[in-house]
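Notes follow once the structure below has been shown.
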């Protein structure tokens, strides 16, 4: 062959997968790395709850009701003498579970519906989009509270109510992305080699619509945790004797004047988790924005 | 006014592509249509490179895509190796795409950023069952060598490559399904000057080595001269002149071809100093509202009354030359096609 | 005759996530009255950054002018205060950009925008500026200018917008027009018309033009002198006649050999410049062109060559060619 083999790449970066570069990019984002550490710690707490909790969350110490912090009970006890620290450690499981499952459920529904709307267009698209528009009229929290009330108390109904509202956001995002991506030259290139529409959707369109979904997922987990807390606070979420952050906040709120830690600690945990997930979302958004990725000046 | 050709691999017959023009805020209604390609007849012969030139908006890229049925023609037929593409079922059409490929203008956006370049090149083979996962790696490595890339770079992602290298990847991908016909849509116009020649040479070498047929769509007349056997010139959706390349460059017939050639500067000071130039007036009119008669007449220095009223048809003059211009109405028509 | 504009040892850097890019690495040139000086090079070579830096239009961050002087009318534009540089921009030095689509503001009429430099620098009233704009649009061959003065940019085609940009640039009859790839986005037939208009401005007003382009054909047709730029440095500076008659730097020779020509039958394959353009984050040591250069020696890999005279007003930065 008479030609040169262009062996030098434009940028001497190693053959790194996009996912790996994304994780590294998020790690470089200061707030997002704080968020990652907080979420990692909370997940660890949830996973290792039986090992970490000094007591069972249901064990009552009736001689110590509503006590303040003591060597035996670091955060004190609740109104029926259960160890607050242990209840909050187990409550982490419930809160993260609702956050993650509620979000994954809404994302799964939303992405599927959004893909169909974006890919099919026409009447299907119009109907789906009008439905999501209708959801926009409700304030999210009010809608979810109303749904939870209608479905009845219980953790699964909280998740269901959250997903019933949450899918609309994901559907809107993904539909917009599909409309954008399907006009890109590499999708035309895929058509030109004779690929079927389904395979193009799966291999070329879907993977390239996911960046904003990843951002939305991280923020939505925070929102779902907040919603669970709110619903449980109002008595509709988890039912006694199960512990969740929102439940503890509600019970503790009654005694805020005598045992302030009882409500302050769960409140702080909720705030911490929500902020951590939002930081990760911000970091992901910056990391996924190609304009912020090693942008260089023109010649 | 067809240009029938026994040796045609691809033939466009009375091809027309219209795009709807939508208006209205709430309810989008079609208020008009733009004829991007207007009644075009064109044959690409087996083994030739046909250059298709024109300025932006003339419809040359749309024509290239309509010939591949990437855009559905509004009317007319494309014959590929004797098959009328519009009669094929969707599945049969997809199978047919193995033999007709495209090389895209923008090497940055025509590759999926989330696939390794090796996967991108293997994809056409897998889609058409030309290889299985097992032996595709070896075939991809061969293709990489064919287009002048190091096969060790197969596992990298598109953003790690320069523009010229990405275009080589795009070419390897187009070759992967062993096509007969490739539409090259401005394949070098997004590349740096020093890289363009590398790609032009590669395309030229591949055509000889693999016996490919090209439709080479471009606006740069010098590149078209280098890479084509015949040249078709397009203006506002219509073909105004077709000729073998050396004839069209030595003696352009249509005033538009003359103006195009004259406007393009030559990188040689001594030659530029001697050149006589004829300039067209004004801008290309909107294809929404093309002029009556000959579409060039408002800008043409040689326009006369007939040009304003009657649309000239593409006519065959001597030998292989075709032109759509009233200046040659009296010229004798000779030769058969 | 002293130069109207002197650029000395200009250095511009861009900070990116992957490191600092030195986009302009010590570029110097003079621009005289009534001449067209072309800065030629490929994308990323620093030619546009040079033009932007001259008027301190480099967006900071990520860009930064690290060193050098731009002397105009006894003033170093790089050290001038904001009021001084605003009095120069659009008035005595005008700029025409590549993108006619985005360089005009979509919410103001063409007439308002073309007349804006006159209201700003000449203190014309709005009606007077509009009247002058009509005349200006006429000179750039926009038909029925008085009827189209109230149009908005979206009502103009790409070529017409670039004509309007030119009218705006010419409004104050500047000493210098910096034209950054002014016709790259346009078709050849329109490109020729617009460049002819610029040339006319030089002939009638003695305007100096800094023409930034990658197109060697445009340079051959319009430029009086040429600076060839590679990796942020001037590698060859010469009169256009000398450059095309006796190209000396291997990069210049390579560029001229690698472009196909309209006036020559394609008898042989093109001679491309091998390899890839340099990575601005990782420039080679010594002469930046050496990895692609057929003549490179050990010295080229070690030391960057200075710009040295090889003929009358013909300078080349090359260890090998300059000896010959």
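The values are calculated or read from the model by the stated rules, or taken from the named source; none is laboratory data. Keep in mind that this is a model prediction, so the values were computed, not measured. Quick reminder, even Gly has a Cβ in these numbers, built from the backbone with ideal geometry, and neighbours come from all protein chains shown.
Scanning the range C:51-64 for residues that are touching a strand residue (DSSP E or B) at 6+ places or on another chain (Cβ under 6 Å) and more than 12 Å from chain A (Cβ to nearest Cβ) yields C:54, C:55.
Condition check ((1) in contact with a helix residue (DSSP H, G or I) (Cβ under 9 Å, 6 or more places away or on another chain); (2) within 14 Å of another protein chain (Cβ to nearest Cβ)) across all residues:
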| residue | (1), (2) |
| --- | --- |
| C:34 | yes, no |
| C:41 | yes, yes |
| C:45 | no, yes |
| C:49 | no, yes |
| C:75 | yes, no |
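Just one of (1) over 23 Å from the mean Cα position of the chain (by Cα); (2) under 19 Å from residue B:210 (Cβ atoms); (3) surrounded by fewer than 21 Cβ atoms within 10 Å (Cβ to Cβ) fails for residue B:119. It is (2). Put simply, of B:327, B:260 the only residue that is more than 29 Å from residue B:185 (Cα to Cα), surrounded by 14 or more Cβ atoms within 10 Å (Cβ to Cβ) and either within 19 Å of the chain's Cα centre (by Cα) or away from every other protein chain (no Cβ under 14 Å) (or both) is B:327. Out of B:276, B:281, one residue alone is more than 14 Å from residue B:301 (Cα to Cα), outside any helix (DSSP H, G or I) and more than 24 Å from the chain's Cα centre (by Cα). It is B:276. Say whether the condition of being touching a residue at least 12 places away in the same chain (Cβ under 8 Å), within 29 Å of residue C:12 (Cβ to Cβ) and not in a helix (DSSP H, G or I) is met by at least one residue in the range C:145-163. Within the range C:145-163 (the criterion being touching a residue at least 12 places away in the same chain (Cβ under 8 Å), within 29 Å of residue C:12 (Cβ to Cβ) and not in a helix (DSSP H, G or I)), the answer is no, since none of the residues qualifies.
If you filter the range B:197-217 down to residues that are more than 14 Å from residue B:147 (Cβ to Cβ) and buried (at least 24 other Cβ atoms within 10 Å of the Cβ), you find that the one that is farthest from the chain's Cα centre (by Cα) is B:197.
A Cβ distance below 6 Å, combined with a sequence gap of six or more or placement on separate chains, defines the contacts here; from the range B:280-297, residues that are within 14 Å of another protein chain (Cβ to nearest Cβ) and at positive phi reach residues that are assigned to a loop (DSSP other than H, G, I, E, B) and surrounded by 16 or more Cβ atoms within 10 Å (Cβ to Cβ) in the pairs B:282/B:299. State yes or no: is residue C:70 within 14 Å of chain B (Cβ to nearest Cβ) and either at pLDDT 90 or above or under 30 Å from residue C:6 (Cα atoms) (or both)? So residue C:70 does not fit the description; no.
Take the range B:62-84 and flag every residue that is buried (at least 20 other Cβ atoms within 10 Å of the Cβ) and under 19 Å from residue B:184 (Cβ atoms).
Correct list: B:62, B:63, B:64, B:65, B:66, B:67, B:68, B:78, B:80.
Number of residues in the range B:261-295 that are modelled with pLDDT of 90 or more and under 22 Å from residue B:315 (Cβ atoms) equals 6. Residues in the range B:125-138 that are touching a helix residue (DSSP H, G or I) at 6+ places or on another chain (Cβ under 6 Å) and either at the interface with another protein chain (Cβ under 8 Å from one of its Cβ atoms) or at pLDDT 90 or above (or both): B:125, B:128.
Taking into account only those residues within the range B:94-112 that are at the interface with chain A (Cβ under 7 Å from one of its Cβ atoms) and assigned to a loop (DSSP other than H, G, I, E, B), which is farthest from the chain's Cα centre (by Cα)? I'd like the intermediate steps shown before the answer.
Just the residues of the range B:94-112 that are at the interface with chain A (Cβ under 7 Å from one of its Cβ atoms), to begin with: B:94-95, B:97-98, B:101-102, B:104, B:106, B:109-112.
Right, trim to assigned to a loop (DSSP other than H, G, I, E, B) and you get B:104, B:106, B:109-112.
Details: B:104: 11, B:106: 14, B:109: 19, B:110: 17, B:111: 20, B:112: 23 Å.
Among residues in the range B:94-112 that are at the interface with chain A (Cβ under 7 Å from one of its Cβ atoms) and assigned to a loop (DSSP other than H, G, I, E, B), the one farthest from the chain's Cα centre (by Cα) is B:112.
The test for being modelled with pLDDT under 80, within 14 Å of chain B (Cβ to nearest Cβ), over 18 Å from residue A:281 (Cβ atoms) and in a loop (DSSP other than H, G, I, E, B) does not hold for residue A:72. Residue C:246 meets the conditions (1) facing chain B (nearest Cβ under 10 Å); (2) out of contact with any strand residue (DSSP E or B) (no Cβ under 6 Å at 6 or more places or on another chain); (3) surrounded by fewer than 24 Cβ atoms within 10 Å (Cβ to Cβ) in every case but one. The failed one is (1).
Return the residue satisfying two criteria in turn: it lies in the range B:139-185 and is surrounded by fewer than 17 Cβ atoms within 10 Å (Cβ to Cβ) and within 9 Å of chain A (Cβ to nearest Cβ), and of such residues it is nearest to the chain's Cα centre (by Cα). Within the range B:139-185, the match that is nearest to the chain's Cα centre (by Cα) is B:145. Here is a check on your reading of the model: is residue A:198 within 14 Å of another protein chain (Cβ to nearest Cβ) and farther than 23 Å from residue B:106 by Cα? Yes.
Listed here are the residues, each with its yes/no results for (1) in contact with a helix residue (DSSP H, G or I) (Cβ under 8 Å, 6 or more places away or on another chain); (2) farther than 28 Å from residue C:257 by Cβ.
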residue: B:240; (1), (2): yes, yes
residue: B:260; (1), (2): yes, no
residue: B:265; (1), (2): yes, no
residue: B:282; (1), (2): no, yes
residue: B:289; (1), (2): no, yes
residue: B:313; (1), (2): no, yes
residue: B:317; (1), (2): yes, yes
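Scanning the range C:122-162 for residues that are within 22 Å of residue B:299 (Cα to Cα), more than 14 Å from chain B (Cβ to nearest Cβ) and over 29 Å from the mean Cα position of the chain (by Cα) yields C:146, C:147. Scanning the range B:236-249 for residues that are at pLDDT 90 or above and surrounded by fewer than 20 Cβ atoms within 10 Å (Cβ to Cβ) yields a count of 2.
Away from chain B (no Cβ under 14 Å) and in a helix (DSSP H, G or I): does that describe residue A:128? When the stated conditions are applied, residue A:128 passes them. Select from the range C:279-306 the residues that are touching a residue at least 40 places away in the same chain (Cβ under 8 Å) and surrounded by fewer than 20 Cβ atoms within 10 Å (Cβ to Cβ) and write down the one among them that is nearest to residue C:236 (Cα to Cα). For the range C:279-306, the residue satisfying everything is C:304.
Here the range C:258-269 is the region considered, the condition is being closer than 25 Å to residue C:291 by Cβ and modelled with pLDDT of 85 or more, and the residue that is farthest from the other protein chains (Cβ to nearest Cβ) is C:259. Within the range B:72-100, the residues that satisfy the criterion of being within 19 Å of residue B:214 (Cβ to Cβ) and in contact with a strand residue (DSSP E or B) (Cβ under 9 Å, 6 or more places away or on another chain) are B:78, B:79, B:80, B:81, B:85, B:96, B:99, B:100. Within the range B:66-90, can you find the residues that are at the interface with chain A (Cβ under 8 Å from one of its Cβ atoms) and either part of a helix (DSSP H, G or I) or within 19 Å of residue A:199 (Cα to Cα) (or both)? Across the range B:66-90, the qualifying residue is only B:70.
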